[in-house]
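The structure appears below as structure tokens.
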Amino acid sequence: MATSAPPALRRTALNAMHHRMGAKMVDFGGWDMPVEYSGLIAEHMAVRTGVGVFDVSHMGDIQLRGPEALAAVQHITINDVSKLQLGQAHYSAMLYPQGTFVDDVIVHKFSDNDYLIVINAGTREKDYNWVKSNVQRFHCHASDYSDFYTQLAIQGPKAAETLAKLTNLDLSTIKGYWFKWGTACGLSNTLVARTGYTGEDGFEIYVPSDVVTSERVWNEVLEAGKEFGILPCGLGARNTLRLESAMSLYGHEISETINPFEAHLERFLKLDKGNFLGSDALKKVQAEGGPKRKLVGLEVIERGIARDGYPVLNASGEKIGVVTSGSPAPFLKKNIALAYVPVELAFIDNEVAVEIRGNPVKAKIVPTPFYRRPKKTA
Amino acid sequence: MAYPANYKYTREHEWIEVSGKTGTVGITDYAQNSLGDIVFVDAPKVGSKVEKGAIFGSVESVKAVSDLYSPVSGTVTEVNESLKDSPEKINTDAHAAWIIKVELSDSAELDSLLDAAAYEKFIAEETGK
């Protein structure tokens, strides 16, 4: 490599706003992003009990359009796209032929020949190149619209009441993992999806990515949520919220060396839909008796916090696995973790240890998600 | 946040206030601010030895763990037990929420620590990086 200077960090349209509002910033996958504003715990609790707003514009957006768009999306993702109705979205993933993850994604069906795939920030280029080269034989076109949108996630039990003030859409008609277009913050044809990454009710809205519009919408959301104690939230709370809900994070629970059986994502894997990238390899895994290791939830019983990369030990102190994500859980007030362990040890209440800075600390396997939001009573 | 002029500081962001042979040790406001919400303090037991520049414990926030480096050598005479249940006291007032008290074995070690002005200059450079 001839160059020695680190590449400049990428910025969302709200970058100057985050700096002005005094957010603590961090390099996240090459992006200069807010890690926290008022404090991680306060932000986490705002989303669990009221409402919070996140700038998630660093996420990527790939649109696939053309007469064979459905066949193309079926070919590159694991869920059954033919089951999606217009206006519906689902969680899915893209796999390599060997059955391991390129990335996890959300697929939105705009029409029979028009799909939007929302991808992770750190894998944007890799994903787009992967999609482009693998849909070539289909009559459809892949467009990278990542830089066209400012994406805001409005999350929490008060998210709907907050957003309702800003849109003409009847939000009660948008169910979880469905979306509509409507006017929001005076912007017509705005995509409003009832999706998120917090385990809470909430919406993600996609608005034009110019600074003036993005900042205006950000401010209007904060104003609308004021009476519910809305907080701007950073990636710190985003991580603890998704961990309490046991949602996977690329580079942690899923990666180029992990398959969907291991990652406990079988419910999104539709091997009966016909062949797709990775399906042969996964059928082989199945035929050979299933995965050797499994993602489990851990609760640390003794004093100590399990963190990413810490070894998991058996009773005799031998290393049997590794923590992929670990943190104090601000709402549950427990120390929790996701970890890979051998399948024969992956059963509820099984006691293991996490090696925390040289010391084995007792933990037990617990059901996931660690947190499930209360059912609406009204 | 002002850095008390009667304290001494390390480049690892601990402070020490010395009275007679006893040093009271905590982490600086800069340290608590970079860590964020503190949820766990791992301190040594009374009677254990600490060594200048060596790790004597750790402080954990929700998102990170940070080692504690002793500003001086000596013996731990007291541990702030209230931090077990209320570690967030460090966030509220880092320069009052002490972690351990140490009986100094060599007061001359204090000379190599930073005074408040030098520490403030040091963190200004850290921030500017």
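FYI, it's all coordinate maths here, none of it is from the lab. Keep in mind that this is a model prediction, so the values were computed, not measured. Positions of Cβ are generated from backbone atoms using ideal geometry, with glycine treated the same way; all protein chains shown enter the neighbour counts.
Pairs of Cα atoms in the range A:1-290 fall into 10 Å distance bins, from 0 up to the last occupied one, in shares of 6, 28, 35, 23, 7, 1 percent.
Where the alpha-carbon atoms of the range A:193-334 are placed on the principal axes, they occupy 55, 48, 23 Å, in descending order.
Can you give the convex hull volume per residue for the Cα atoms of the range A:202-275, as a whole number of Å³? Before the final figure, lay out each step's value.
Details: hull volume 13.2 nm³, N = 74.
Spread over its residues, the Cα hull of the range A:202-275 gives 178 Å³ apiece.
In chain A, the sites counted are GluC sites (Glu not before Pro) in DSSP loop states with at most 15 other Cβ atoms within 10 Å, and the longest stretch holding none of them, exclusive of the sites, is A:1-255.
Under 5 Å from the amide H of A:ILE258 lie the amide H atoms of A:PHE101, each residue being 5 or more positions distant or on a separate chain, with H modelled from the backbone and absent for Pro and chain starts.
Taking every Cα-Cα distance in the protein assembly as shown and sorting them into 20 Å bins starting at zero, the pair-distance distribution P(r) comes out as 21, 49, 26, 4, 0 percent. Under the simplified labelling scheme, the A:ASP147-A:ARG372 pair shows an inter-label distance of 4.4 nm, with each label point 7 Å from Cα along Cα→Cβ.
Working from label points 7 Å from Cα in the Cα-to-Cβ sense, the A:THR183 to A:GLU288 distance is 5.9 nm.
With the convex hull of the Cα atoms taken as the outline of the range B:8-128, the averaged projected area works out to 6.8 nm². Calculated on the alpha-carbon coordinates, the convex hull of the range A:97-199 measures out at 136 cubic angstrom per residue. A helix-only calculation puts the protein assembly as shown at -5500 deg cm²/dmol for mean residue ellipticity at 222 nm, using -39500 (n - 2.57) for each DSSP H run of at least four residues, averaged over all residues.
Report the calculated FRET efficiency for A:GLU302 and A:ARG137 (r = Cβ-Cβ distance, R0 = 51 Å), to the nearest 0.05. So, using R0 = 51 Å, E works out to roughly 0.40. Expressed as a whole percent, how much of the Cα-Cα distance distribution for the range A:292-366 exceeds 20 Å? Here the tail beyond 20 Å accounts for 15 percent of pairs. Contact order, relative form, for chain A: 18 percent (alpha carbon pairs under 8 Å, 6 or more residues apart, mean separation divided by residue count).
To the nearest 0.05, how large is the calculated FRET efficiency for A:MET21 and A:LYS333 if R₀ is 25 Å and r is the Cβ-Cβ distance? It comes to 0.35.
Candidate cross-link partners of A:LYS109 among the lysines, defined by an alpha-carbon separation under 28 Å and a same-chain spacing of 8 or more, comprise A:LYS83, A:LYS126, A:LYS132, A:LYS158, A:LYS165, A:LYS175, A:LYS180, A:LYS270, A:LYS273, A:LYS283, A:LYS375, A:LYS376.
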